[in-house]
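Novice: So that we are looking at the same thing, I have put the structure below in C-alpha cells.
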Amino acid sequence: MENKRTKNDMYYPSDEIVSKATVKEYEKRYQESIKDREGFWAKEAETLDWYKRWDKVLDDSNKPFYKWFTGGKTNIIHNAIDRHLKTATRNKLALIWEGEPGDVRTFSYHALDREVSKFTNVLKAMGVKKGEIVTLYMPQIPELIIAMLACAKIGAVHSVVYGGFSVEALAERIEDANSRVLITADGGFRRGKPTRLKEIANEAMKRSPTIEVCITVRRTGKEDCFMETDRDFWWHELMGMPIASPYCETEVMDAEDTLFILYTSGTTGKPKGVVHTHGGYAVYTASTFRYVFDIKPEDRWWCAADPGWITGHSYIVYGPLICGATIMSYEGAPNHPYPNRWWSMIEKYGINILYTSPTAIRGLMRFGSSWVEKHNLDSLRLLGSVGEPINPEAWRWYYEVVGKNRCPIMDTWWQTETGGFMITPLPITPLKPGSATKPFFGNEMAVVDDKGNELPPGEEGTLVIKNPWPGMARNILNDPDRYIEKYWKAYEKQGWYLAGDSARMDEDGYFWIIGRMDDVLKVSGYRLGSAEIESALVSHPAVTEAAAIGLPDELRGNAIHAFVILKDKFSPGKELEKELKEHVVSEIGPIAKPQEIIFTDTLPKTRSGKIMRRVLKAQALGQDPGDITTLED
Ligand code: WTA
C-alpha cells in the first residue's frame, strides 16, 4: 500500500504502517514524557531486567556529571543475552552474517551465549579483570560482536577502534586507554581483497608498548602474520582449549559502571574517549530502537554500519539484542561484486528494516535504479538514515526506488556522545525529506543564539539539548575538564548540552540539521577532526604547517582539502602531493585521505596564532568570510 502524499511535500505513513505502529500518537506522549521525565524513564527501565532495582532514576547532584538509575544492579548482557535464554527467543536467530566472499554464519541466541561465554573464559584466562579496557581492532566479522559482548559480560570495558584506521590512530587509542589486551584479525575482505589488520596492529604495538596479549582471529588466512611468542595467540586455538568453557556467570555491575569507551574526533588532534555505561545506555538504546524502528518479533533488522562506530554499538549490537531482534550483518563493500549486493541480500534474507547512511545511499544511487529493480524488496517495511543531513534527492531515491513509496524513512539525528537517537521520526510521523523531524521522548531541544535566546522559526543557530537523558556520555576518559569544556561550558548558566551542530526549526517544530559548527568534518558520514588530519600532515618531514577543511562533495558530503606550508628545503610538486596524501592514509586511514593538497606560503591566523579555517573555507567557496577582526594579516 502506497503512502499518501500531500502538496506541501509532506509524506504521510500508510494506514497499514499506522495500524502496526507501537506508538500511535506522538504529541501527547511527548508532552507527558517531558513533564515527568523521570517517570517516563523509570517505566522504560522497567521493561529491562535488573538484579537489583535502582534507588534513584536521576542523580543530578553533581552537574554536569549526571547519573542514572543509581543503586541499580545490572549488566547489559543480562538483558542482551541472559534473559532471552529463558524464553522462546533462545531458539531465535540473533545474528545472520554474510562475508564478502559469500560465506554465511548464523547464531541463535543460545549459540551466541555459548560463543560469548567461551571467549569470556579465554579473556579471564588472560587475566582480564573487571574495569580493564580491552582494545578491539577488527573487521566486520561475528568475532567482533562476540568480543564486545564477552568484555561486557565480565565487566571489562571495550574500546573498539574502527578497522579502517591505521597505525598512528590505533596506537594513540591503545595508549590513551592503557590497554593490556588487543584483539584483532589477520584481516577482512573488502572489494575482493584482504585487508591487512594484523600488520597494522603489529606496527601500532611497536609504538604503544602497553599491550601484553594480542589475540588474532584468522579471517582471511591470506596474510603471513608475524606472531610474537608469549604475546600473540590465535583466537581459534584459544577457543579450542579446555579453558574456553561455554559456561560463565555474568558479572553483576552497578548501573553507572562503564560499559565501553569509543574514541571520536573533536576539535583538537587528540581523539576523545567517550564513556558509556551499563544501565542508562541499555535503557536508552533499547527504548529508542523499539519505538523508532517499531521492532516486531518476526522482523529481520539490518543496520549496515560498522560495529566499530557508535551506530554499530547502539544499533547493531546492544539495542537490537536487548530487544531480542534478529540482526543482519555484512562484512564487505556494498557494490561487490556488483552494485546489487545489498539488494540481493535484502531479498535473500527477507530484511524488513534497513538503516544506513546518506553517503551509502548516494553511492548506490550512482549505479542507477536498475540494480535495485532486479530484486524483490517487498519484505522492507521501514528505512533509516544516519550520519549527516540527507539531501532531498537521495531521500527521494531511497524512498521511491528502494522503499517503493511504502516505507517511511527514519532520519535519526544523534551523536557518539548521545548514545542513541535524539531527534527522530517515529513510523507515524509525517515526513519532510531532509528533516530529522522532532525530539525523541524525554528530550527538549532548541535552536539558540550565543546568549541562549531561542531563535524564531527558519533562523539558523546553535542546536542544544536542554535536559539529561539516560544514554548520554558520562565523561571523556582521563579528561573530565574537556567533557565540561566541550559540552557544558557554552550554556553553563542554562545547564544545556552543546551538540556542536547548527540547525534551524521550521513553523511545524521540525528540526533541520545544517552541519557541524566546529572543526569536525563529516566525510562519508565518518567523523574526523581537522586537527587530526593536520597533525598527520605535519608529522611528515617536508611539512611545517597545515590546515585541513571540508568542502562540499556530492558523494561524500564533504571532501578534505589540505593547505600545506613546506619546510625551506622542499618544493611543491605532484610527487610530494601524492606522498603527503599517502602519508595521511598510513597515519590515520583511507577515510582521511585529502582529496586535494594545496601548497601555500601563509595561512590565515588569529593574533594568538590559531589557524582560521573558516576563512580558508570561505575563500575556497568564494563566500564572505564573516567577522575577520581577529585576523592577524
Ligand atoms: C551528524 C553518528 C544530520 C551531526 C551517529 C552530528 C547528522 C554528528 C545526523 C555525530 C542526521 C548524525 N542528520 N546530521 N540524521 N546524524 N549527524 O558521533 O553533525 O559519528 O553531530 O555519530 O553526525 O557524528 P557521530
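Novice: If you take the residues in the stretch 368-408 that are surrounded by fewer than 24 Cβ atoms within 10 Å (Cβ to Cβ) and within 10 Å of the ligand (Cβ to nearest atom), which one is nearest to Asp9 (Cα to Cα)?
Specialist: Filtering first and then ranking leaves Pro389.
Novice: Further, regarding this structure: Of the residues Glu27, Glu44, only one is more than 26 Å from the chain's Cα centre (by Cα) and of a type in the set (Asp, Glu); which?
Specialist: After ruling out the rest, the residue left standing is Glu27.
Novice: So which residues in the stretch 506-556 are within 16 Å of the ligand (Cβ to nearest atom), closer than 29 Å to Leu566 by Cβ and in a loop (DSSP other than H, G, I, E, B), if there are any at all?
Specialist: Of everything in the stretch 506-556, those that are within 16 Å of the ligand (Cβ to nearest atom), closer than 29 Å to Leu566 by Cβ and in a loop (DSSP other than H, G, I, E, B) turn out to be Asp518, Asp519, Ser524, Arg556.
Novice: Then there is this: Confirm whether Pro425 is surrounded by fewer than 23 Cβ atoms within 10 Å (Cβ to Cβ) and closer than 25 Å to Tyr291 by Cα.
Specialist: no
Novice: So which pairs qualify, if the first residue must be in the stretch 474-503 and closer than 24 Å to Thr135 by Cβ, the second must be in a loop (DSSP other than H, G, I, E, B) and among the hydrophobic types (A, V, I, L, M, F, W, C), the Cβ gap must be under 9 Å, and the two must be at least 6 apart or on different chains?
Specialist: If the second residue must be in a loop (DSSP other than H, G, I, E, B) and among the hydrophobic types (A, V, I, L, M, F, W, C), the pairs left are Arg474/Phe65; Asn475/Phe65; Pro480/Phe65; Tyr483/Phe65; Tyr483/Ala473.
Novice: Could you list all residues from the stretch 598-633 that are outside any strand (DSSP E or B) and touching a residue at least 60 places away in the same chain (Cβ under 8 Å)?
Specialist: Of everything in the stretch 598-633, those that are outside any strand (DSSP E or B) and touching a residue at least 60 places away in the same chain (Cβ under 8 Å) turn out to be Arg613, Leu616, Lys617, Ala620, Leu621.
Novice: Tell me the residue from Trp496, Trp413 that is more than 21 Å from the chain's Cα centre (by Cα) and buried (at least 22 other Cβ atoms within 10 Å of the Cβ), please.
Specialist: Only one candidate qualifies: Trp496.
Novice: Let me ask something additional. Do you know which of the residues in the stretch 557-569 that are in contact with a Ser or Thr (Cβ under 9 Å, 6 or more places away or on another chain) and over 29 Å from Arg362 (Cα atoms) is nearest to the ligand (Cβ to nearest atom)?
Specialist: Val564
Novice: Search the stretch 299-354 for residues being over 22 Å from the mean Cα position of the chain (by Cα) and of a type in the set (Asp, Glu), and hand back the single one that is nearest to Gly102 (Cα to Cα).
Specialist: Per the stated criteria, the residue is Glu347.
Novice: Here is a follow-up. Determine which member of the set Asp60, Asp49, Asp55 is in contact (Cβ under 8 Å) with a residue 12 or more places away in the chain and within 26 Å of the chain's Cα centre (by Cα).
Specialist: Asp49
Novice: If I ask for residues that are in contact with a Cys (Cβ under 8 Å, 6 or more places away or on another chain) and closer than 10 Å to Gly163 by Cα, which ones from the stretch 181-200 would you list?
Specialist: Thr184
Novice: Only one of these conditions is not met by Asn178: (1) on the phi > 0 side of the Ramachandran plot; (2) free of Cβ contacts under 8 Å to residues at least 24 places away in the same chain; (3) of a type in the set (S, T, N, Q). Which number is it?
Specialist: Answer for Asn178: the failing condition is (2).
Novice: In the stretch 492-505, which residue that is within 16 Å of the ligand (Cβ to nearest atom) and not small (Gly, Ala, Ser) is nearest to Arg527 (Cα to Cα)?
Specialist: Looking at the filtered set, the residue picked out is Asp501.
Novice: A further question follows. If I filter the stretch 556-564 for residues that are among the β-branched types (Val, Ile, Thr) and modelled with pLDDT under 90, do I get at least one hit?
Specialist: no
Novice: Got at least one residue in the stretch 418-434 being without any contact (Cβ under 8 Å) to a residue 60 or more places away in the chain and away from the ligand (no atom under 11 Å from the Cβ)?
Specialist: No: the stretch 418-434 contains no residue that is without any contact (Cβ under 8 Å) to a residue 60 or more places away in the chain and away from the ligand (no atom under 11 Å from the Cβ).
Novice: Further question on the same structure: May I ask you to say which residue of Gly319, Gly350, Gly266, Gly279 is on the phi > 0 side of the Ramachandran plot and in contact (Cβ under 8 Å) with a residue 24 or more places away in the chain?
Specialist: After applying the criteria, what remains is Gly350.
Novice: From the residues in the stretch 248-274 that are aliphatic (A, V, I, L, M) and buried (at least 21 other Cβ atoms within 10 Å of the Cβ), which one is farthest from the chain's Cα centre (by Cα)?
Specialist: Ranking the qualifying residues of the stretch 248-274, first place goes to Met253.
Novice: Can you name the residue in the stretch 253-280 that is in contact with a Lys or Arg (Cβ under 6 Å, 6 or more places away or on another chain) and at pLDDT below 95 and, of all such residues, is farthest from Val157 (Cα to Cα)?
Specialist: If we take residues in the stretch 253-280 being in contact with a Lys or Arg (Cβ under 6 Å, 6 or more places away or on another chain) and at pLDDT below 95, then Gly266 is farthest from Val157 (Cα to Cα).
Novice: Please verify whether Asn8 is at pLDDT below 95 and surrounded by 18 or more Cβ atoms within 10 Å (Cβ to Cβ), treating the condition exactly as stated.
Specialist: Considered against the rule, which asks whether it is at pLDDT below 95 and surrounded by 18 or more Cβ atoms within 10 Å (Cβ to Cβ), Asn8 comes out as no.
Novice: Separate question: Hey, among Val520, Val538, which residue is out of contact with any Asp or Glu (no Cβ under 6 Å at 6 or more places or on another chain), surrounded by fewer than 20 Cβ atoms within 10 Å (Cβ to Cβ) and farther than 20 Å from Gly434 by Cα?
Specialist: So the residue among Val520, Val538 that is out of contact with any Asp or Glu (no Cβ under 6 Å at 6 or more places or on another chain), surrounded by fewer than 20 Cβ atoms within 10 Å (Cβ to Cβ) and farther than 20 Å from Gly434 by Cα is Val538.
Novice: Residue check, Asn443 against (1) buried (at least 23 other Cβ atoms within 10 Å of the Cβ); (2) within 22 Å of the chain's Cα centre (by Cα), all met but one. Which one?
Specialist: (1)
Novice: Give me the residue from the stretch 294-352 that is charged (D, E, K, R) and in contact with a Ser or Thr (Cβ under 8 Å, 6 or more places away or on another chain) and, out of that set, surrounded by the most Cβ atoms within 10 Å (Cβ to Cβ).
Specialist: Step by step, filter the stretch 294-352, then rank; the result is Asp294.
Novice: Mind listing whichever residues of the stretch 215-227 are in contact with a helix residue (DSSP H, G or I) (Cβ under 7 Å, 6 or more places away or on another chain) and either surrounded by 23 or more Cβ atoms within 10 Å (Cβ to Cβ) or modelled with pLDDT under 95 (or both)?
Specialist: Ile215, Thr216, Val217, Glu223, Cys225, Phe226 - these are the residues of the stretch 215-227 that are in contact with a helix residue (DSSP H, G or I) (Cβ under 7 Å, 6 or more places away or on another chain) and either surrounded by 23 or more Cβ atoms within 10 Å (Cβ to Cβ) or modelled with pLDDT under 95 (or both).
Novice: Among the residues that make up the stretch 283-300, is at least one of them among the small types (Gly, Ala, Ser), modelled with pLDDT of 95 or more and either away from the ligand (no atom under 16 Å from the Cβ) or under 30 Å from Thr412 (Cα atoms) (or both)?
Specialist: Yes, the conditions are met somewhere in the stretch 283-300.
Novice: Okay, next question. Does Gly266 satisfy being assigned to a loop (DSSP other than H, G, I, E, B) and closer than 30 Å to Ile611 by Cα?
Specialist: yes
The values are calculated or read from the model by the stated rules, or taken from the named source; none is laboratory data. All of these numbers come straight from a predicted model, not from anything done at the bench. Note that each Cβ is placed from the backbone with ideal geometry, even for glycine, and that neighbours are counted across all protein chains shown.
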